[in-house]
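Have a look at the structure below before the remarks.
The values are calculated or read from the model by the stated rules, or taken from the named source; none is laboratory data. All values derive from a computational prediction rather than experimental measurement. Neighbour counts are summed over all protein chains in view; Cβ atoms, including those assigned to glycine, are modelled from backbone coordinates with ideal geometry.
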Amino acid sequence: MPRKRKQDQDGLYRRPDSPKWWATYTDANGKRVRCSTGTAERQEADALLAKWKLEAHRERQWDEAPPHGFDELMVVYLTRLWPFSRPGTRHPFVPKAAPG
């Protein structure tokens, strides 16, 4: 049986361009997920990876969707998607900077 390539294995790794730990795992649909854990602490990154893998396992085995509240989804939107929007646009829920 051929060995898995290193980049195809689940786990944590560091990228040369980031001080944060990055995680790779297989989601409930069998797709490879690679994302930043958002932390430079190894133990915190390990805990987060374990949580993501457990959610994927539960969804795959028992069709149990992970609970996502509105607040959690907004944080994901504002931190991941909003920075890639067009320059000069402002999100309606982000307050304007106070005049200074």
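Residue check: is ALA40 modelled with pLDDT of 85 or more, in a helix (DSSP H, G or I), loosely packed, with under 14 Cβ neighbours inside 10 Å and of a type outside the set (Lys, Arg)?
No; evaluated as a whole, the condition is false for this residue.
I need every pair where a residue in region 27-47 that is acidic (Asp, Glu) has its Cβ under 7 Å from the Cβ of a residue that is surrounded by 12 or more Cβ atoms within 10 Å (Cβ to Cβ) and not in a loop (DSSP other than H, G, I, E, B), sequence separation at least 6 or different chains.
Listed pairs, sorted by first residue: ASP27/VAL33; ASP27/ALA56; ASP46/LEU12.
Tell me the residue from HIS68, HIS57 that is out of contact with any strand residue (DSSP E or B) (no Cβ under 7 Å at 6 or more places or on another chain) and part of a loop (DSSP other than H, G, I, E, B), please.
Sole residue among the options that is out of contact with any strand residue (DSSP E or B) (no Cβ under 7 Å at 6 or more places or on another chain) and part of a loop (DSSP other than H, G, I, E, B): HIS68.
Mind listing whichever residues of region 51-73 are surrounded by 11 or more Cβ atoms within 10 Å (Cβ to Cβ) and modelled with pLDDT of 80 or more?
LYS51, TRP52, LYS53, LEU54, GLU55, ALA56, HIS57, ARG58, GLU59, ARG60
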